[in-house]
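Comments concern the structure below.
The values are calculated or read from the model by the stated rules, or taken from the named source; none is laboratory data. The model shown is predicted, which means the values in this text are computed figures rather than measured ones. Neighbour counts are summed over all protein chains in view; Cβ atoms, including those assigned to glycine, are modelled from backbone coordinates with ideal geometry.
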Amino acid sequence: MKTPATWPNLVTMFFDQAERRGSNPFLWRKSEGAWRSISWVDAAQAVASLAASLKAIGIQPGDRVVLVSENRPEWCIADLGIMAAGAITVPTYTTNTERDHVHILENSGARAAIVSTAKLAKVLLPAVYQSTACTAVIGMEPLRIGQSSSAAIHEWDKLLAENPGDVAATRKAVAKLKRSDTACLIYTSGTGGAPRGVKQHHGAILMNCDGCLDIIENDFEKDEPESFLSFLPASHAYEHSGGQYLPIALGGDIYYAESLEKLAANIEETKPTIMVVVPRLFEVLRQRMLKTIEKQGGLAPKLLDQALKLGRKRYDNGHKLGLLDKPLDLVIDATLRKKVRGKFGGRLKAMVAGGAPLNPEVGIFFYSLGINLLQGYGQTESGPVVSCNRPSANIKMHSVGRPLKGVEVRIAADGEICVRGELVMQGYWQNEEESARVLQDGWLHTGDIGHIDEDGHIVITDRKKDIIVNDKGDNVAPQRVEGMLTLQSEILQAMVHGDRRPYLVGLIVPDPEWVAEWAAENGRANDAALRADPAFHKAVMAAVDRVNTQLSVIEKVRRVILADEAFTVENEMMTPSLKIRRHVIRQAYGAKLDALYG
């Protein structure tokens, strides 16, 4: 049997797995209250038909096709269908503005676009009409367009029915695609500046799959099939490789979550074995679980306290417990941990966290409750996964694990992490200058600062460009301080500020649930005026001061202001992968933060 190390391209891998898995379920969605599946064989037919349809409307090998859709079965079929036609997928976020779409359409020179709904088309179509190359738009659902314009509008179902593809012929055609051929252009979500198109080749994603497969097959009991629940944007490199192509490599099935709000219920229903997640989700879950257990009262808070103590002891003792601790551990396992595992479906092997730093305390919290939370590391430019913690190598919550199989990592003289291997991108689309800056002698310069410990684990300290240098020349890692602040129940989000300044100051987004509770307890109206209330500000600062007791002198946050609103993707203060956009936040609050030094 072939593996990701030997498949020539992603589409051949899919067709081979579809032949092996046949009529077994592959892609799942919830419709009319029930989970319904598309089989591997039916998905293969749809991929072949879409490839034939794209060729019928004039798409040539090497052409770029933009894909705008929420996570759903058609996303996967569209991605594979584009590649099966010899074209290059250009995934974009559903949160993109018209301006974002114009930039990506023009920069990529996309010839066509596939969009899921009429709502998303309302933002995309004005950009399409401004573009110079895009001549066709395919709607997965009817787009209800009043009149056609410069781009022809096609209906997904009708187009595929008119161009039934031949699976065998399509398999033969795609066999010509090489591992070095570009599979997709993934535009970086951009914590700063205009998004750049990362040229990910088939081999980069296949190597990622092979490295992740090595962990799953050697560190966990095998399930047939493995089951994934997809909820991070499929347009993000992390979900694209880890949440779509890894399940295909495993011959697993993919459930598409209904929404973030229904994620907890969907986990219980679908019983996934593996989930690709971001740390922010677990920070929120931790806070909710703490509040729920506290309100429950009785034995629950005491069990949690004991579970956390035993978890910390086990973690600090090389994942082992002494004989005297085992009876209590068995009681907690049969009560609290059993209930928590049930909430996560009961079959979960691991949740793999990436995209942003994981606060070690959050990792140990879930570890104590019997949930494997494995922190990984990577970036779009590296397929994207570079490394991951694995149970067989002694999980370290402060690290991002060892490099995946076949990945080389070295630390430059200035502390920058550099990566080499087939997973490294071929460069940025039409941006030779930036490509030459980050790709030097075959090494990807990641822009992240860190070191490799005695066990070969990579430890990230910060982003090179995010490091704050105070007026005395001391380096401060803002993400560490911000991560500790957001662990406080009073604080939802935080950004610290202090480059070339004598000390750090902060911008705080108070937690809405805590705000409501504080207002009720203190007889205040929960409105905009509350932020100017000295007593309220003092209560927020008390949370900051608790964190300050755990920080060095140069890391302490001396003064704070409160944000007018939460950081969101919609107000462009966060990326779709939930990282804060510092430059946008500084534009909005820079003057107020600077005034704290007056």
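Would you check if there is a residue in region 551-568 being outside any helix (DSSP H, G or I), polar (S, T, N, Q) and more than 30 Å from residue 231 (Cβ to Cβ)?
Just the residues of region 551-568 that are outside any helix (DSSP H, G or I), to begin with: 551-552, 556-568.
The next check asks that each one be polar (S, T, N, Q); those that pass are 552, 568.
When the remaining residues are screened for being more than 30 Å from residue 231 (Cβ to Cβ), the result is 552.
Within region 551-568, one or more residues are outside any helix (DSSP H, G or I), polar (S, T, N, Q) and more than 30 Å from residue 231 (Cβ to Cβ).
With respect to residue 257, determine if the residue is within 21 Å of residue 368 (Cβ to Cβ) and surrounded by 13 or more Cβ atoms within 10 Å (Cβ to Cβ).
For residue 257, the condition - within 21 Å of residue 368 (Cβ to Cβ) and surrounded by 13 or more Cβ atoms within 10 Å (Cβ to Cβ) - is not met.
Quick check on region 8-28. Is at least one of its residues basic (Lys, Arg), over 20 Å from residue 232 (Cα atoms) and touching a residue at least 60 places away in the same chain (Cβ under 8 Å)? Walk me through it before giving the result.
Pass one, region 8-28, residues basic (Lys, Arg): 20-21.
Narrowing further to those that are over 20 Å from residue 232 (Cα atoms): 20-21.
Now restrict to residues that are touching a residue at least 60 places away in the same chain (Cβ under 8 Å): 20-21.
The answer is yes, given that some residue of region 8-28 is basic (Lys, Arg), over 20 Å from residue 232 (Cα atoms) and touching a residue at least 60 places away in the same chain (Cβ under 8 Å).
Listed here are the residues, each with its yes/no results for (1) more than 21 Å from residue 14 (Cα to Cα); (2) of a type in the set (Ser, Thr, Tyr).
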site: 163; (1), (2): no, no
site: 172; (1), (2): no, no
site: 181; (1), (2): no, no
site: 210; (1), (2): no, no
site: 223; (1), (2): no, no
site: 235; (1), (2): no, yes
site: 239; (1), (2): no, no
site: 254; (1), (2): no, no
site: 257; (1), (2): yes, no
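Got at least one residue in region 184-199 being over 30 Å from residue 582 (Cβ atoms) and among the aromatic types (Phe, Trp, Tyr)? Steps first, please.
Keep residues of region 184-199 that are over 30 Å from residue 582 (Cβ atoms), which gives none.
Among the residues of region 184-199, not one is over 30 Å from residue 582 (Cβ atoms) and among the aromatic types (Phe, Trp, Tyr), which makes the answer no.
Would you say residue 493 is at negative phi, of a type in the set (S, T, N, Q) and either surrounded by fewer than 21 Cβ atoms within 10 Å (Cβ to Cβ) or assigned to a loop (DSSP other than H, G, I, E, B) (or both)?
Taking the combined requirement at face value, the residue does not satisfy it.
Between residues in region 341-353 that are at pLDDT 90 or above and residues that are of a type in the set (Gly, Ala, Ser), which pairs lie under 6 Å by C-beta distance while being six or more apart or on different chains?
From region 341-353, the pairs are 341/370; 352/376.
What number of residues within region 412-433 satisfy the criterion of being in contact (Cβ under 8 Å) with a residue 60 or more places away in the chain and either part of a helix (DSSP H, G or I) or among the aromatic types (Phe, Trp, Tyr) (or both)? So that I can check it myself, show each step before the final result.
Step one: of region 412-433, the residues in contact (Cβ under 8 Å) with a residue 60 or more places away in the chain are 421-431.
From what's left, either part of a helix (DSSP H, G or I) or among the aromatic types (Phe, Trp, Tyr) (or both): 428-429.
The total comes to 2.
So if I check each of 224, 155, which one is touching a Gly at 6+ places or on another chain (Cβ under 7 Å), of a type in the set (D, E, K, R) and outside the structural domain of residue 587 (by TED's automatic domain parsing)? Give the derivation first.
Numbers: 224 fails: touching a Gly at 6+ places or on another chain (Cβ under 7 Å).
Unique residue meeting the criteria: 155.
Kindly provide the set of residues from region 434-460 that are among the polar types (S, T, N, Q), buried (at least 17 other Cβ atoms within 10 Å of the Cβ) and without any contact (Cβ under 8 Å) to a residue 60 or more places away in the chain, ordered by number. It would help to see each step written out before you state the result.
First, the residues of region 434-460 that are among the polar types (S, T, N, Q): 435, 440, 446.
Keeping just the survivors that are buried (at least 17 other Cβ atoms within 10 Å of the Cβ) gives 435, 446.
The answer is 435, and nothing else.
Each row is one residue, and each column tells you yes or no for (1) assigned to a helix (DSSP H, G or I); (2) of a type outside the set (Lys, Arg); (3) modelled with pLDDT of 90 or more; (4) touching a His at 6+ places or on another chain (Cβ under 6 Å).
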{"residue": "221", "(1), (2), (3), (4)": "no, yes, no, no"}
{"residue": "229", "(1), (2), (3), (4)": "no, yes, yes, no"}
{"residue": "235", "(1), (2), (3), (4)": "no, yes, yes, no"}
{"residue": "239", "(1), (2), (3), (4)": "yes, yes, yes, no"}
{"residue": "255", "(1), (2), (3), (4)": "no, yes, yes, no"}
{"residue": "265", "(1), (2), (3), (4)": "yes, yes, yes, no"}
{"residue": "275", "(1), (2), (3), (4)": "no, yes, yes, no"}
{"residue": "287", "(1), (2), (3), (4)": "yes, yes, no, no"}
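Given the residues 216, 186, which is the only one that is within 18 Å of residue 244 (Cα to Cα), modelled with pLDDT under 95 and of a type outside the set (Ser, Thr, Tyr)? I'd like the intermediate steps shown before the answer.
Values: 186 fails: modelled with pLDDT under 95.
Of the residues listed, the single one that is within 18 Å of residue 244 (Cα to Cα), modelled with pLDDT under 95 and of a type outside the set (Ser, Thr, Tyr) is 216.
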